[in-house]
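See structure below.
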Amino acid sequence: MKKIFLLTIAAAAIVLGSCKNNKAAEAGSGAKDTVQVPDFSADSAMASIRRQCAFGPRTLGSEAHEQCAQYIEQAFKAQGCEVIRQEAEFTLYNGHKYKGCNIIASYKPELTERILLCSHWDSRPWADADPNPANHHTPVPAANDGASGIAMMIEIARLLQEQTPSIGIDFVCFDAEDAGLPEWETSFSGEEQYTWCLGSQYWAAHPHRTDFRFGILLDMVGGREAKFYQELFSQRYAGSVVTLVWAAAKDAGYGSIFVDEDGGGITDDHLPINTVARIPTIDIIPYYTNSEHSFGPHWHTLSDTPENIDPNTLKAVGQTLVQVIYTY
């Protein structure tokens, strides 16, 4: 994604239009305090991250991309989900076209009371933030920026089989999120924001269903020393969902990780979901105040590897999501 924080409210003008959805206002009404909430396994999520990264960078058109797609499909099927591929052709900023797919896994699709969980599964083709310029045209391993969110959703799907919640869940794995304009490209004259999040743009225009109470996007949810602030567009389009999730984090014991302060705005997969599909969706994404990059020292570099994933961060975010699902 175009991961540059926009630290003023005025910067929100990059989003075209706005939407209101009454479903968002209803989010979080009537939490079930007596429900036993299962434990999220960070070890299980770590194993999935390593498995995805073992294929190599999952860039469009690569063998690793297809191998990982098959792994994700089988992982969700093994947990009892109905799985489909949403095939699409994506056109990159340079005009190159690639076939790809969003992978959609539905838990209890017959239920009409549903939550959308989503993340991207592709790898950035260019490590254009790497401190070594010689690496700028090399694909990113994408342990955190890609694999972590998918691994978290697979582990949640496993928990759903062990303890049934009262709602249905759809897991959408977006392709081609991270193939946006490279930092070293200077000749591009189009609208940069639309070169990112190609899979979610396609899904938002062709959703497999829209009857979601709300959605939660997971992006880079395993970084060391990560903290999660309340992202600007999440507050704009789904403020009640932000309140719900941050309260769940406190209930789960992770209030220090989910900081109750404003973050910046970000072009990410939640924007087309909010503005096109009109499903109130928030972005759980880290904001580092002590790093050269707002997304941490390993963002868009060759050091985005499983060794730099922190199981404690996975646990904090994963347990917060489980808290939301089982007490909503």
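The values are calculated or read from the model by the stated rules, or taken from the named source; none is laboratory data. Worth saying up front: this structure is predicted, and the values here are computed from it rather than measured. Using ideal geometry, Cβ is built from the backbone for each residue, glycine included, and neighbour counts are taken over all protein chains shown. Quick note on the areas: whole protein, heavy atoms, side chains included, nothing else; ligands and nucleic acids left out. Shrake-Rupley method; radii C 1.70, N 1.55, O 1.52, S 1.80 Å.
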The answer for M220, listing residues at least 5 apart or on another chain whose modeled amide H is closer than 5 Å to its amide H, is G146, G149
Express the accessible area of the chain per residue in Å², computed with a 1.4 Å probe while the remaining protein chains stay in the model.
39
If one computes P(r) from the Cα atoms of region 181-328, what percent of pairs lie at distances over 21 Å?
48
Restricting to DSSP loop positions (anything but H, G, I, E, B) with no more than 11 other Cβ atoms inside 10 Å of their own Cβ, which GluC sites (Glu not before Pro) remain in region 65-159?
E110
Distance in nm between pseudo-label sites at L92 and K77 (7 Å out along the Cβ direction from Cα):
3.0
Counting each pair of different Cα atoms once, what's the Kirkwood radius of region 44-142 in Å, rounded to one decimal?
15.2
Whole-Å distance, taken between Cα centres, linking region 73-131 and region 242-272
23
When the gyration tensor of region 64-205 is built from Cα positions, what are the square roots of 5 times its three eigenvalues, in whole Å, from largest to smallest?
31, 16, 12
Show that you can apply the helix-only estimate: for the chain, add -39,500 (n - 2.57) for every DSSP H stretch of four or more residues, divide by all residues, and state [θ] at 222 nm to the nearest 500.
-9500 deg cm²/dmol
Give the residue list of GluC sites (Glu not before Pro) in region 216-276 that are DSSP loop and have at most 13 other beta-carbon atoms within 10 angstrom.
none
Ordering V242, V83 by the accessible surface of their heavy atoms, 1.4 Å probe, largest first, yields V83, V242
Let me know the charge dipole size of region 87-174 about its Cα centre in debye, to the nearest 20, where only the beta-carbon of Lys, Arg (+1) and Asp, Glu (-1) is charged.
100
Selection of chymotrypsin sites (Phe, Trp or Tyr not before Pro), region 147-222, meeting DSSP coil and at most 11 other Cβ within 10 Å
W184
How long are the three semi-axes of the equivalent ellipsoid for the chain, computed from the Cα gyration tensor as the root of 5 times each eigenvalue, in whole Å, largest first?
27, 22, 20
Equivalent ellipsoid semi-axes, region 147-192, via Cα gyration tensor eigenvalues times 5, rooted, Å
38, 11, 5
List the aspartates and glutamates whose Cα lies under 20 Å from the Cα of K108, skipping any in the same chain that are fewer than 8 positions away.
E73, E82, E155, E162, D170, D211
Can you tell me which of 320-327, 249-256, 293-300 comes out highest on packing, and rank the rest after it, using the mean Cβ neighbours within 10 Å?
320-327, 293-300, 249-256
Less than 16 Å apart at the alpha-carbon level, and either on another chain or at least 8 residues along: which aspartates and glutamates does that give for K250?
D33, D39, D260, E261
Rounded to a whole number, what % of the accessible area of the chain do carbon and sulfur atoms account for, probe 1.4 Å?
48
Gaussian network model of the chain, springs between alpha carbon atoms under 10 Å - residue of Q201, Q86, Q74 with greatest fluctuation
Q74
Counting sequence-distant residues (5 or more places) and residues on other chains, those with an amide H built under 5 Å from that of F214 are L116
Got a sec to turn the phi values of region 83-94 into Karplus ³J(HN,Hα) couplings, 6.51 cos²θ - 1.76 cosθ + 1.60 with θ = phi - 60°, whole Hz, x for Gly and Pro?
10, 9, 9, 9, 6, 7, 10, 10, 9, 7, 4, 8
Taking +1 at the Cβ of each Lys and Arg and -1 at the Cβ of each Asp and Glu, which of L271, T305, N144 sits farthest along the dipole of the chain towards its positive end, judged by Cα position relative to the Cα centre?
L271
Can you bin region 264-328 into rounded, prolate or oblate? Criterion: square roots of the alpha carbon gyration tensor eigenvalues sorted a ≥ b ≥ c, rounded for a/c under 1.5, prolate for a/b above b/c, oblate for the rest.
oblate
